[in-house]
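**Student:** I have a structure I would like to understand better, so I am pasting it below and will then ask my questions one at a time.
The values are calculated or read from the model by the stated rules, or taken from the named source; none is laboratory data. In this text the structure is predicted, and so the values were computed from the model without any measurement. Every residue, glycine as well, gets a Cβ built from its backbone with ideal geometry; the counts of neighbours run over all protein chains shown.
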Amino acid sequence: MSLTVHLPDGSTRNLPAGSTALDLAKDLGPRLGEAALAAQVDGARWDLGRPLPDGAQVRIFTAKDPEGLEVLRHSGAHLLAQAVKNLFPAAQVGIGPVIEDGFYYDFKVDPFFTPDDLAALEEEMRRLAAADLPLEREELVRAEAVARFKALGEPLKAELVSELPEGVPITGYRQGNFFDLCRGPHVPSTGKLKAFKLLTTAAAYWKGDEKNVQLCRVYGTAFPTQKELDEHLKRLEEARARDHRKLGKELGLFSFHPEAPASPFFHGKGAVVYNELLSYLRGLYRRKGYQEVITPQALDVALWKTSGHYEKYQDNMYFTEVDEREYALKPMNCPTHCLIYNTGRPSYRELPVRYADFGRIHRYERSGVTQGLTRVRTFCQDDGHIVCTPEQMKLEMAAFFAFLREVYATFGFEEVRVALSTRPEQRLGSDDVWDQAENALAEALQEAGMAYHINPGEGAFYGPKIEFQVLDALRRPWQLGTLQVDYSMPARFGMRYVKADGSEGTPVMLHRAILGSLERFMGILIEHCAGAFPVWLAPVQVAILPITDRAHDHARQIESRALDLDLRVELDLRNEKVNAKIRDAQLQQVPYMLVLGDREAAEGTVSVRHRRDGNLGVQPLEAFLDRVQQEVRTRAR
């Protein structure tokens with residue numbers, strides 16, 4: 001007997017009955033047989049050792065495929081767990097998913113692992129990899145699986161099994177003396193894991209809930225080759241040097257304090273950058289027909305029930321009570337813009353209305369997920385809402401795409417990745433409304449010539465959205481902008497407009513942001529430029545460094561002239577050698593330094609140094625100031 005399988009190129013292959021995905025890979029060629037890590041069978045992930053069903057659609061994954069690399073890394077997480085159980089038998093195993101560029105695994109262990117422990121675990125992982133242990137899949141029965149994990153001293157795993165929905169297949173994997181709950185698939189054997197590294201540890205709560213036990217999370221990564229791993233580790237080292245938390249402290253930009261957890265305090269220099277970002281956006285808003293509005297911080301809970309946020313989002317909201325009424329600090333601006341719109345009843349001729357709001361919003365983020373400026377509890381968005389007729393929606397989307405590209409180019413984000421996030425399980429509105437909204441976004445992207453991929457189920461509860469990712473200087477992706485089509489909120493708030501025939505219609509609301517959270521964007525920007533802001537954003541644009549006391553008067557005159565031109569300068573009159581002053585200015589990433597001695601004082605000139613290009617020579621003061629002003633005006637990078 002034989003079976004037939006169908007390949008991605010449309011061809012078929014006949015194999016003996018009982019053949020596995022690995023048999024198919026070998027039949028397709030010895031190189032593929034050696035490189036194969038897993039398969040996809042009729043749309044499902046599949047271990048290479050599982051027999052193939054007759055008539056199946058089959059695709060083989062290698063480490064060159066994103067799916068294959070994911071399997072490699074997930075198997076790396078299991079290898080780590082086996083090493084932990086070998087060296088620390090009392091440790092309890094939690095979960096070990098794949099994440100971007102690697103994996104982690106959580107363990108209940110006391111005390112937490114030290115750097116020396118990680119080194120020992122990595123050595124044990126190498127030993128286990130060299131042993132080339134096969135990973136064998138087992139199908140489990142719920143009650144037996146719970147009892148089995150309890151007997152193994154793994155209550156966390158037993159808890160996970162007991163919570164699986166009825167009808168969901170329960171599987172586990174054995175490698176040598178280690179058995180783990182997992183839906184798979186995995187690489188055929190530990191020998192496929194040739195290049196891996198344990199990176200760091202962190203505290204994490206079981207199931208992400210701070211009411212649960214605290215676990216030790218071990219982060220690691222795996223690559224197909226040592227060369228690729230080494231390149232990745234080099235990028236990580238560069239990323240550590242650019243870490244915005246480190247640079248924010250060194251450059252005096254911001255700080256955090258326990259009196260307001262996960263809420264940044266911007267210092268004078270950080271506030272300069274923050275306000276320059278706002279000023280830049282405000283200038284663009286004026287040109288593009290937005291009206292900036294200011295809305296309250298705390299609003300009656302009834303508003304959030306009308307909008308749907310109370311039902312869907314209350315666990316992330318802050319509440320208070322005033323005059324026996326319950327209020328919530330706003331987590332979003334959109335409902336307040338609906339109230340402003342409803343103070344009038346515009347005609348179709350007055351639409352679209354474009355609202356911009358830099359109001360502060362508050363969202364409760366669990367302490368385990370907050371991180372520097374990129375995940376905080378209070379922040380400002382470059383938030384905007386466009387209220388328009390359905391017929392105007394296409395033009396408004398196209399205009400927004402152009403707006404977004406202009407802003408990203410200013411900051412040097414030339415490569416933008418786009419995703420369309422579709423309806424989640426819990427949502428407002430009918431399927432017909434969601435079909436209409438999703439189709440509108442897809443058509444707008446297609447007409448703009450923007451390639452995109454689908455994120456199924458990742459839309460907001462009130463509408464689908466487009467998400468825009470940029471790549472920073474280290475080619476790390478960051479999600480910034482969003483555009484969402486919302487038919488539900490205008491209907492829930494009774495928003496109306498007068499049509500050309502005198503009847504009333506319900507407008508569409510487009511929720512949009514370009515930078516997203518200003519706090520988060522600052523963190524990304526700091527890392528993108530390694531703290532060396534372009535001149536227009538630099539907290540101090542010019543450092544004035546007199547060599548001798550005789551040059552102090554000349555230095556003060558330069559300071560006065562630069563301030564008249566609205567430039568940000570810092571006069572360093574310390575009794576220090578000029579090399580020390582230059583070094584300090586360099587460490588603070590000041591773009592320009594003016595070194596002033598007797599010659600410059602006598603001639604009214606300046607000796608210019610650039611933080612990157614070094615000595616630029618002696619220049620007339622006005623010529624130098626013109627250069628700086630030009631860089632500020634053009635927002636040169």
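**Student:** Determine whether A302 is out of contact with any Cys (no Cβ under 8 Å at 6 or more places or on another chain), in contact (Cβ under 8 Å) with a residue 24 or more places away in the chain, aliphatic (A, V, I, L, M) and outside the structural domain of Y364 (by TED's automatic domain parsing). Walk me through how you get there before you give the answer.
**Tutor:** Numbers: out of contact with any Cys (no Cβ under 8 Å at 6 or more places or on another chain): yes; in contact (Cβ under 8 Å) with a residue 24 or more places away in the chain: no; aliphatic (A, V, I, L, M): yes; outside the structural domain of Y364 (by TED's automatic domain parsing): yes.
No: the conditions fail for A302.
**Student:** Turning to a different aspect of this structure: Can you tell me which residue in the range 599-622 is surrounded by the fewest Cβ atoms within 10 Å (Cβ to Cβ), limited to those that are aliphatic (A, V, I, L, M) and either farther than 14 Å from R561 by Cβ or in contact with a Ser or Thr (Cβ under 6 Å, 6 or more places away or on another chain) (or both)?
**Tutor:** Restricting to residues being aliphatic (A, V, I, L, M) and either farther than 14 Å from R561 by Cβ or in contact with a Ser or Thr (Cβ under 6 Å, 6 or more places away or on another chain) (or both), the top hit is A602.
**Student:** Can you say whether R599 is part of a helix (DSSP H, G or I) and among the charged types (D, E, K, R), as far as the supplied structure shows?
**Tutor:** For R599, the condition - part of a helix (DSSP H, G or I) and among the charged types (D, E, K, R) - is met.
Residue-wise test of (1) outside any strand (DSSP E or B); (2) assigned by TED's automatic domain parsing to the domain that holds P155.
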residue: D9; (1), (2): yes, no
residue: L15; (1), (2): no, no
residue: D23; (1), (2): yes, no
residue: V71; (1), (2): yes, yes
residue: K85; (1), (2): yes, yes
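**Student:** Looking at D65, D110, which one is surrounded by fewer than 18 Cβ atoms within 10 Å (Cβ to Cβ), within 35 Å of the chain's Cα centre (by Cα), closer than 15 Å to V187 by Cα and of a type in the set (D, E)?
**Tutor:** Answer to the check: D65.
**Student:** Would you point out which residue out of K207, K227, K211, K234 is exposed (fewer than 13 other Cβ atoms within 10 Å of the Cβ), closer than 30 Å to Y364 by Cα and in the same structural domain as A90 (by TED's automatic domain parsing)?
**Tutor:** Exactly one of K207, K227, K211, K234 is exposed (fewer than 13 other Cβ atoms within 10 Å of the Cβ), closer than 30 Å to Y364 by Cα and in the same structural domain as A90 (by TED's automatic domain parsing), namely K211.
**Student:** Separate question: Just one of the numbered conditions (1) modelled with pLDDT under 95; (2) among the polar types (S, T, N, Q); (3) in contact with a helix residue (DSSP H, G or I) (Cβ under 7 Å, 6 or more places away or on another chain) is not true of T389; which one?
**Tutor:** (1)
**Student:** Applying the selection to the range 418-436, what residues are among the small types (G, A, S) and under 23 Å from the mean Cα position of the chain (by Cα)?
**Tutor:** Passing the criteria: A419, S421.
**Student:** A follow-up question, please. Looking at A271, is it under 30 Å from V590 (Cα atoms) and at pLDDT below 95?
**Tutor:** no
**Student:** Count, please, the residues in the range 447-500 that happen to be of a type in the set (A, V, I, L, M), touching a Lys or Arg at 6+ places or on another chain (Cβ under 7 Å) and either closer than 22 Å to K312 by Cα or without any contact (Cβ under 8 Å) to a residue 24 or more places away in the chain (or both).
**Tutor:** Filtering the range 447-500 for residues of a type in the set (A, V, I, L, M) gives 448, 450-451, 454, 460, 466, 470-471, 473-474, 480, 483, 485, 489, 491, 495, 498, 500.
Those left that are additionally touching a Lys or Arg at 6+ places or on another chain (Cβ under 7 Å): 474, 483, 498.
Applying the additional criterion that residues be either closer than 22 Å to K312 by Cα or without any contact (Cβ under 8 Å) to a residue 24 or more places away in the chain (or both) yields 483.
The qualifying residues number 1.
**Student:** Could you list, in sequence order, all residues of the range 253-270 that are surrounded by 14 or more Cβ atoms within 10 Å (Cβ to Cβ) and either within 22 Å of E100 (Cβ to Cβ) or not hydroxyl-bearing (S, T, Y) (or both)?
**Tutor:** L253, F254, F256, A262, P264, F266, H267, K269, G270
**Student:** If a residue has to be in a helix (DSSP H, G or I) and modelled with pLDDT under 95 to count, how many in the range 602-621 make the cut? If you could, list the steps in order and put the result at the bottom.
**Tutor:** Of the range 602-621, the ones in a helix (DSSP H, G or I) are 602-603, 621.
Remaining after also requiring modelled with pLDDT under 95: 602-603.
Total satisfying the criteria: 2.
**Student:** When you scan the range 307-412 for helices (runs of 4 or more DSSP H) that lie fully inside it, which ones turn up with 3 or more residues that are in the same structural domain as Q436 (by TED's automatic domain parsing), touching a strand residue (DSSP E or B) at 6+ places or on another chain (Cβ under 7 Å) and within 26 Å of L471 (Cα to Cα)?
**Tutor:** So the answer is 393-410.
**Student:** Also, I was wondering about something else. Among the residues of the range 253-288, which ones are outside any helix (DSSP H, G or I), touching a residue at least 40 places away in the same chain (Cβ under 8 Å) and over 17 Å from Q371 (Cα atoms)?
**Tutor:** Hit for the range 253-288 is K288, nothing else.
**Student:** Filter the range 437-464 for residues that are buried (at least 21 other Cβ atoms within 10 Å of the Cβ), over 18 Å from the mean Cα position of the chain (by Cα) and under 15 Å from M489 (Cβ atoms) and give the result.
**Tutor:** A437, Y462, G463, P464
**Student:** Tell me yes or no: at least one residue of the range 32-42 is without any contact (Cβ under 8 Å) to a residue 12 or more places away in the chain, in a strand (DSSP E or B) and not basic (K, R).
**Tutor:** No, because not a single residue in the range 32-42 is without any contact (Cβ under 8 Å) to a residue 12 or more places away in the chain, in a strand (DSSP E or B) and not basic (K, R).
**Student:** Could you check how many residues of the range 553-574 are buried (at least 18 other Cβ atoms within 10 Å of the Cβ) and of a type in the set (S, T, Y)?
**Tutor:** Looking only at that region, the number is 0.
**Student:** On to the next question. Here are A151, A143, A130, A56: which of them is over 32 Å from the mean Cα position of the chain (by Cα) and outside the structural domain of P224 (by TED's automatic domain parsing)?
**Tutor:** Within the list A151, A143, A130, A56, the selection yields A56.
**Student:** Which of the numbered conditions does D42 fail, given that it passes all the others? Conditions: (1) surrounded by 11 or more Cβ atoms within 10 Å (Cβ to Cβ); (2) at negative phi.
**Tutor:** Among (1) surrounded by 11 or more Cβ atoms within 10 Å (Cβ to Cβ); (2) at negative phi, D42 violates only (2).
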